[in-house]
Amino acid sequence: MSVLNHISGINYRFSDSDLLRRALTHRSVGPGHYERLEFLGDSLLNFVVAELLFERRLHAPEGDLSRLRSRLVRDRTLAQLAKELELGQYLRLGGGEKKSGGYLRESILADVVEAIFGAILLDGGFDEARRVVRELLDARERSLPDVDDLKDPKTRLQELLQGRGHELPNYHVLSESGADHIKRFEVECRVGTLADPVQAEAGSRRKAEQAAAKLMNAQLNEQFGLESGPVFDAKRNDK
């Protein structure tokens, strides 16, 4: 049986194949799993992505750089990368994880990507690991949306109001209903006398506040003569 020292799609060949084996081994298998490598790879990933953004987004302030970095290093992005690389076929999982479809689980796939970065760092050194991270994330960095599109509605509303010298918005839970697994929250957002209050409903308080903030943003953008995204039915939007 041949020794695995290379993953198709990753431009790197391991000298120590055991490092790659560990990077692909879930803790459900037993000792020698990927968690320590994941810790190392996570730190490497955050630094390399920060460096990449610092180089390319020359005029972006710290807050914007942080939002962009979060988009690139989040589990969803790394899991998508893992699926493109077909890492699921290489994973070493315990019986329970195999039965539950662990090779498809977003959190596991993201962890494995970070573990592979950590393994490359130990096997080939910083420069090689840095090169691999940049190669794999280059296209995703270039396709990132405008930073304003990454801000959540509450942040956008706060910045809109602060930028015009107004007080911060106020959120108030109007009602809470349903059993624990089907909770519904109705939240009201007020901005003093600047505009009429708006209400939104969702399955969590946070989502309801975000939905209400989005409605208020649309209302104020129209009032101030600014561009605004489409207004949606907040009582039906939980995503």
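Looking at residue 42, is it over 14 Å from residue 110 (Cβ atoms) and either modelled with pLDDT of 95 or more or open to solvent by less than 30 Å² (accessible area, probe 1.4 Å) (or both)?
Considered against the rule, which asks whether it is over 14 Å from residue 110 (Cβ atoms) and either modelled with pLDDT of 95 or more or open to solvent by less than 30 Å² (accessible area, probe 1.4 Å) (or both), residue 42 comes out as no.
With the condition kept exactly as written, say whether any residue in segment 179-202 is over 22 Å from residue 162 (Cβ atoms), open to solvent by 60 Å² or more (accessible area, probe 1.4 Å) and β-branched (Val, Ile, Thr).
Checking segment 179-202: at least one residue is over 22 Å from residue 162 (Cβ atoms), open to solvent by 60 Å² or more (accessible area, probe 1.4 Å) and β-branched (Val, Ile, Thr).
Give me the pairs: first residue in segment 140-169 and under 19 Å from residue 60 (Cα atoms), second residue of a type in the set (Asp, Glu) and open to solvent by less than 70 Å² (accessible area, probe 1.4 Å), beta-carbon distance under 8 Å, and six or more apart or on different chains, which are they?
Final answer for the pair search is 147/64.
Being more than 17 Å from residue 140 (Cα to Cα) and either touching a Leu at 6+ places or on another chain (Cβ under 8 Å) or modelled with pLDDT of 95 or more (or both) is true for just one of 23, 50, 82. Which residue is that?
23
Does residue 28 satisfy the condition of being open to solvent by less than 60 Å² (accessible area, probe 1.4 Å), more than 15 Å from residue 114 (Cα to Cα), modelled with pLDDT under 95 and in contact with a helix residue (DSSP H, G or I) (Cβ under 8 Å, 6 or more places away or on another chain)?
yes
Please work out if residue 60 is more than 21 Å from residue 18 (Cβ to Cβ), in contact with a helix residue (DSSP H, G or I) (Cβ under 8 Å, 6 or more places away or on another chain) and assigned to a helix (DSSP H, G or I).
no
Hand me the list of helices (runs of 4 or more DSSP H) wholly inside segment 102-165 holding 1 or more residues that are under 17 Å from residue 90 (Cα atoms) and among the polar types (S, T, N, Q).
106-124
The values are calculated or read from the model by the stated rules, or taken from the named source; none is laboratory data. Remember, it's a predicted structure, so these values are computed and weren't measured experimentally. Neighbour counts run over all protein chains shown; Cβ positions are idealised from the backbone, glycine included. When the accessible area is computed, the model is the full protein with side chains, heavy atoms only, and any ligands, DNA or RNA have been set aside. Shrake-Rupley method; radii C 1.70, N 1.55, O 1.52, S 1.80 Å.
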